[in-house]
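As structure tokens, the structure follows; a few thoughts come after it.
The values are calculated or read from the model by the stated rules, or taken from the named source; none is laboratory data. What you see is a predicted model; the values in this text were computed from it and never measured. Here the Cβ positions follow ideal geometry from the backbone for every residue, glycine too, while neighbour counts run over all protein chains shown. Side chains are part of the model used for accessible areas, which takes the heavy atoms of the whole protein and leaves out ligands, DNA and RNA. Shrake-Rupley method; radii C 1.70, N 1.55, O 1.52, S 1.80 Å.
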Amino acid sequence: VVPYMREASMDFVTKAIPEATLAAGEPLPFEAEDFKFCSFEMAALMARSALYKAVNHEVSSRTGSRDSLASVLQSGSKQCNGTMRTIVGIGCAAAVTSNGRRGENQAFVVALTLSSEGLRVKRWHLKMEKGLRTRAQEESLVGSLLVTVLLHCAQGGERSAPHMEGWEAALGQEDRLEFSDESSETEDADASRASELWNGIPKVLEGKASHAIVLPGGNRSIDLAAMPLPCKCLVFPGSFNPLHGGHVRMAEAAVSRWMAEKKQVLPILYEITAFNADKGAIPLETVQRRVEQFSAAVAAEEDSDAAESIRVGPEKVRAAVAVTSVPLFSQKAELFPGSVFLVGADTAKRIVDPKYYGDDHENMVAAIAELYAKGCSFIVGGRTTGNGSFELAEDVLDDAALPRHLREMFWTLSEDEFRVDVSSTELRNAQT
């Protein structure tokens, strides 16, 4: 947990951010005409920065194990053997008594809590009666509020306001403490704007971020721009238009295969590219609709013959999604070095097809060698072709004449390990 506090400088728990930037590298909007340092907006910026650092700490504190990170990326997944600890980021922006101050004495606290239930957002607004306390006493009151909030979040507090009998005894008759969570409606402009700060998908489409990580929430997804990426995971790129059971079972088969061979947890990170190599940017609404499939139940029509084979429910798909701006695997390797990419036989065929490299076999080999140099590899699942036959990865890769060390980058799933005779194209055609 990394709490931050501004203004009440005597109560800094950690001051690890420069005045002009956050830990996530995002400049503070000093020049915005309506930006207020003592606001929910400032507290939310600090809380998000704290959460980034807390996630990184949780990952790095378990050297050699990916259980923790797998739990962060995939809340409640049956592949995750580790127990996820609650991760909290807290930000506080406060204005306390000082000579000549005319404004309100108040503190804004935002807490971001990441647990097996997803990401939850809570806010506290403390208004202190002017003239009742000294500066040191107000700083002490705000500091004790932060500790109480921290304990409340760490104990997995309910959505109602925390029980603060001892703390509230220190409040005067004119002091006020207001509480809200992410499900609450609010007309406060700062709070409303703060709730938009973690909308990372628009930032990817605007070219302001290379990626956003979308974490499954209790009642909605939370997308965080520039969320720290894992150093090794199973990256499953696709359009997921729509997401279906074949995707889920292919990912599960890949994780099981990796566990059997490497004895390591390989967290799944689905990836949706917001830019098509041929058509440009995908509309924001389209990207958001596809992402929401990963936190909502997706089911086939009840009268469909394939209903049982393609039904996807939240108990199976409760995974993180990366929305990126990189359509090419050479770019993906830069973003996810050391990762394992999960692809179908049709995608593998394009990866090793010289026609995509100027009809030059040597260019193709050189491009794959660059992926090899970045520590990347592939797990390839078979697919049903148009004539009804099942195409295995070996059928594609054996014709590519790759050097042995590059051929060994590609792990193949057997037909026994994975076969689902359904595709997103078939489902879209059926809907039309």
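Laid out as a table, the results:
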quantity	calculated
Looking only at the stretch 246-297, and only at residues there that are part of a loop (DSSP other than H, G, I, E, B) and of a type in the set (K, R), the one that is modelled with the highest pLDDT	K263
Strands (runs of 3 or more DSSP E) contained in the stretch 332-432 and holding at least 3 residues within 30 Å of A212 (Cβ to Cβ)	340-344, 377-381
Which numbered condition A401 fails, given (1) within 27 Å of the chain's Cα centre (by Cα); (2) open to solvent by less than 80 Å² (accessible area, probe 1.4 Å)	(1)
Residue match in the stretch 320-335 (condition: farther than 23 Å from V396 by Cα and modelled with pLDDT under 85)	yes
Among the residues listed as R85, R159, R120, the single one being out of contact with any Phe, Trp or Tyr (no Cβ under 8 Å at 6 or more places or on another chain), open to solvent by 10 Å² or more (accessible area, probe 1.4 Å) and modelled with pLDDT under 60	R159
Condition met for V235 (buried (at least 18 other Cβ atoms within 10 Å of the Cβ) and at pLDDT 90 or above)	yes
